[in-house]
Each structure stands twice: as C-alpha cells, then as structure tokens.
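Working notes, structure below.
The values are calculated or read from the model by the stated rules, or taken from the named source; none is laboratory data. Quick caveat, the model's predicted, so the values are computed rather than measured. Virtual Cβ from ideal backbone geometry, glycine too; neighbours counted across all protein chains shown. The area values use the complete protein model at the heavy-atom level, side chains included, leaving out ligands, DNA and RNA. Shrake-Rupley method; radii C 1.70, N 1.55, O 1.52, S 1.80 Å.
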Amino acid sequence: MISKILLFENVPFSLRMAALLASKLRAELLGLFIEDVNLLRLSSLPFAFETEIHSALTRSLEPESLLRRFRTMASQMEQQIAAIAKELNIPWSFQTARGFLWMELIEAAKNCDLIIVSQKGPFSNFLSFYEDPLFQLLEEAKKPVLFLPSDKPLGPPFGVLINPSKDFLPILTFAANLAKKFNGGLTLFVFNGTLSSAQKNYVEALASDMAQLSVIEGLGKDPMALASTIAEEKIGLLIFSMSGIDLKKATLKDLLRKLNCLVLLSP
C-alpha cells in the first residue's frame with residue numbers, strides 16, 4: 001500500500017513522474033527541499049568560488065547568497081508541486097529542512113511509502129548512482145525506491161522479476177495492482193527455476209481481471225541475458241524485491257546498468 005510518495009529532487013521530470021504515480025495510486029505527494037549543510041560550510045571558506053555554466057564567469061561563493069538561492073529554489077519547487085498537484089487533483093505537502101543531505105533524506109523516508117530518485121538528481125555527482133548510493137538508500141531507508149535512469153515516461157507494459165524459490169507473492173500482488181491502475185499488461189520474468197502448480201494457480205487468479213498477464217520462465221542469472229529479455233518485451237517499468245530475488249549485489253548493479261527502463265526496487 002503506497003499512500004505517501006516522497007520527492008526531494010527539484011527535477012521537472014522527477015516531479016511529473018511522482019505526481020503521475022500519486023494520481024494513479026491516489027497517494028499524497030510529499031515535497032522536500034534540503035538545504036545542504038555541507039554546501040553552506042563550503043561557501044564560508046575563503047577559497048570557495050563558483051563558475052556559471054553558461055557564461056563561465058567565476059565569483060566567490062558566500063553563505064548569504066547561497067541561502068538566498070536555497071530559498072528561491074525551495075519556493076520554485078513548492079510552486080511547481082502546487083501547480084501539478086492542482087492539475088492532477090492530488091493531495092500534497094511541502095517542507096524545507098537544513099542538514100546533511102543523506103541524513104535528512106533517511107529521516108524523511110520514515111514518513112513515506114516510496115521515494116523517487118533520478119539519475120539527474122542530487123546524487124548524480126557520484127561515480128554512478130547504480131553503485132552504492134542506490135543500495136545504501138534501500139538498506140537505510142527500508143522503503144521502496146522508484147529509480148528514473150532517463151526521461152522515459154512511466155507507463156506499461158510492466159514487468160516483475162521473481163525467483164520461484166523465494167516468497168514473491170507480495171511483490172507480484174503489488175505489481176499486478178499497479179498494472180491495473182495503468183490498465184496495462186504485466187510480464188513475469190522467472191529465473192532460477194519454474195513456477196510450481198500452486199504458484200501457477202495464484203498467477204492465473206491474478207490474470208482473471210487484468211488486461212494481460214504473461215509468464216517467461218527458465219531465465220538464468222546472467223545480467224546481459226536478463227536485460228536483453230526484458231528489453232525484447234519493451235518493458236516500461238521493472239519491479240522487483242532485492243531480498244525476493246536473492247541476487248548478489250554485484251550482479252544487481254550490472255543488471256541495472258544494462259536495463260533501459262524505469263525500475264522500482266523494494267528492499
């Protein structure tokens with residue numbers, strides 16, 4: 001059950017995806033702007049300078065000017081959320097917090113059910129967000145994360161990656177309900193074995209009131225092969241539980257790098 005969606009990035013594409021999902025799920029959109037203490041501390045140093053992207057002009061960076069910029073950015077983000085929330089008729093709230101970016105995000109995650117994160121957001125300066133930051137967020141926040149690796153729109157068909165030797169019913173039920181909200185199809189990608197008779201019966205019961213539900217079995221753990229099969233099905237959003245598929249972190253990182261779709265990961 002997702003009733004609160006957290007958006008902490010001032011990225012237009014992320015905002016629209018978060019709002020669209022909130023509209024489909026009838027969830028509340030929680031906007032959060034974080035005044036990064038690390039940047040404030042940096043701005044107070046005598047050698048702190050900034051260079052404008054478009055003009056290449058360099059000037060000193062001062063705490064007062066940075067705080068003014070923070071307030072402007074927060075105001076713009078709040079206005080954008082208010083406008084799209086009104087357009088889609090969804091409940092919303094907005095708050096500003098000052099602190100360490102990561103710690104404030106983890107704290108805010110306690111009051112949400114899903115976090116929206118994009119490759120273009122605040123963590124884009126990492127070597128790759130497919131690496132430790134994404135997995136650290138899942139482990140520390142203990143909440144699902146919708147990762148947007150590109151500007152591709154959120155839409156069906158959806159896919160769910162499952163391991164039949166693990167309990168995949170909760171994530172499959174969630175994926176099926178989400179597909180119904182979008183009136184789209186769902187494909188089950190089954191690796192490390194095949195479905196049992198009882199599991200097939202459950203899948204058939206789910207399929208009775210869905211637009212389309214298909215099953216692809218017999219997949220291996222090779223990231224390249226998995227990504228290729230998922231791409232062939234033109235999946236718009238892949239859903240899986242990290243604990244439910246039980247793949248090594250290195251394999252998961254490799255898979256995420258090769259996927260060309262949005263990914264919703266559950267701890």
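Could you check how many residues of region 202-240 are out of contact with any Leu (no Cβ under 8 Å at 6 or more places or on another chain) and hydroxyl-bearing (Ser, Thr, Tyr)?
Number of matching residues: 2.
Please report, ordered by residue number, the strands (runs of 3 or more DSSP E) entirely within region 143-254 with at least 1 residues that are touching a helix residue (DSSP H, G or I) at 6+ places or on another chain (Cβ under 9 Å) and open to solvent by less than 20 Å² (accessible area, probe 1.4 Å).
Output list reads 145-148, 158-162, 186-191, 237-241.
Quick one: what pairs do we get from region 12-33, first residue touching a residue at least 24 places away in the same chain (Cβ under 8 Å), second open to solvent by 20 Å² or more (accessible area, probe 1.4 Å) and of a type in the set (Phe, Trp, Tyr), C-beta under 6 Å, 6+ apart or different chains?
Leu29/Trp92; Gly31/Phe94
Output the qualifying pairs, or none if there are none: Cβ atoms under 6 angstrom, residues six or more apart or on different chains, first residue in region 176-204 and at negative phi, second residue of a type in the set (D, E, K, R) and assigned to a helix (DSSP H, G or I).
Partner pairs satisfying both residue conditions: Lys181/Lys24.
Residue-wise test of (1) of a type outside the set (Gly, Ala, Ser); (2) loosely packed, with under 15 Cβ neighbours inside 10 Å; (3) at pLDDT 60 or above.
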residue: Glu52; (1), (2), (3): yes, yes, no
residue: Ala56; (1), (2), (3): no, yes, no
residue: Glu62; (1), (2), (3): yes, yes, yes
residue: Gln76; (1), (2), (3): yes, yes, yes
residue: Asn89; (1), (2), (3): yes, yes, yes
residue: Trp92; (1), (2), (3): yes, no, yes
residue: Leu101; (1), (2), (3): yes, no, yes
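Looking only at region 132-142, filter to residues that are open to solvent by 30 Å² or more (accessible area, probe 1.4 Å) and in a helix (DSSP H, G or I); which one of those is nearest to Lys110 (Cα to Cα)?
The qualifying residue nearest to Lys110 (Cα to Cα) is Glu140.
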